[in-house]
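Asker: Before I ask anything, let me first share the structure, which is written out below as structure tokens.
The values are calculated or read from the model by the stated rules, or taken from the named source; none is laboratory data. None of the values given here were measured: they were computed from a predicted structure. Cβ coordinates were reconstructed from backbone atoms using ideal geometry, including for glycine residues, and neighbour counts include every protein chain displayed.
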């Protein structure tokens with residue numbers, strides 16, 4: 001289940017980049033969240049009977065959705081639009097390293113100085129990816145910078161969700177995030193929704209269907225079911241597949257060029273993330 005989930009997530013970089021040949025970025029993003037939110041809510045309501053959370057948790061739900069859905073989608077969408085899908089996939093591989101830093105700043109974990117080394121290694125890997133893609137057709141520094149923003153927002157979002165996962169099911173929180181975050185995204189998307197030409201070729205609609213259903217609905221159901229069976233530590237190891245699979249799918253499906261320096265940068269990012277995961281010294285205080 002974890003391999004399938006990570007393959008589906010990885011394929012979304014190339015799928016989204018391909019879709020932007022016909023779709024306006026925010027029209028694509030909001031419409032897929034709207035459909036996925038309805039479907040995910042239906043699944044959770046059938047299984048749990050409710051989407052409600054305690055009134056005291058509402059501010060955290062709203063804040064997490066603002067960072068992890070609104071902020072992340074604005075940065076991710078325009079990152080894909082302004083650089084290569086492969087670069088975005090490799091840069092987002094650094095998100096777990098940033099998440100470890102945010103967990104420390106939030107007081108969830110005590111991190112020893114050695115873990116700063118892990119973060120530094122990951123940041124060095126980001127530099128290699130950006131430099132390696134500098135001469136690649138379709139790559140751009142603006143898109144790369146936005147991809148770093150997407151990694152930062154996703155990392156912050158992951159840390160913000162920790163208290164909620166202790167009180168509610170992962171499926172309920174995921175459904176709420178998609179609904180609340182999608183609602184926040186609507187005002188930013190309205191102009192593009194009105195300007196979007198909806199007479200799209202079948203492959204453009206197919207890309208939208210894939211991006212709406214599989215990365216948002218199917219993968220979450222697979223991932224959290226697997227998480228309950230094998231635990232977070234082992235599940236995290238499978239996330240290392242995403243940067244390289246994302247770049248590989250972009251090369252195969254879109255014909256994007258991947259340089260040796262980009263691959264080296266991706267490997268350095270994964271090394272930094274793995275150092276943060278494997279080196280002793282971090283203690284969870286939750």
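Asker: Could you pull out the residue among 71, 21 that is surrounded by fewer than 24 Cβ atoms within 10 Å (Cβ to Cβ) and under 13 Å from the mean Cα position of the chain (by Cα)?
Answerer: Numbers: 21 fails: under 13 Å from the mean Cα position of the chain (by Cα).
After ruling out the rest, the residue left standing is 71.
Asker: Would you mind finding the one in 44, 62 that is modelled with pLDDT under 95 and either in contact with a helix residue (DSSP H, G or I) (Cβ under 8 Å, 6 or more places away or on another chain) or farther than 23 Å from residue 218 by Cα (or both)? Break it down into steps so the answer makes sense when it comes.
Answerer: Working: 62 fails: modelled with pLDDT under 95.
Of the residues listed, the single one that is modelled with pLDDT under 95 and either in contact with a helix residue (DSSP H, G or I) (Cβ under 8 Å, 6 or more places away or on another chain) or farther than 23 Å from residue 218 by Cα (or both) is 44.
Asker: Now for a different question. Hey, could you check region 141-167 for residues that are surrounded by fewer than 18 Cβ atoms within 10 Å (Cβ to Cβ) and assigned to a loop (DSSP other than H, G, I, E, B) and say which is nearest to the chain's Cα centre (by Cα)?
Answerer: Looking at residues that are surrounded by fewer than 18 Cβ atoms within 10 Å (Cβ to Cβ) and assigned to a loop (DSSP other than H, G, I, E, B), I get 166.
Asker: Spot the failing condition for residue 96; the list is (1) modelled with pLDDT under 90; (2) in contact with a helix residue (DSSP H, G or I) (Cβ under 8 Å, 6 or more places away or on another chain); (3) in a helix (DSSP H, G or I); (4) surrounded by fewer than 22 Cβ atoms within 10 Å (Cβ to Cβ), and only one is missed.
Answerer: (4)
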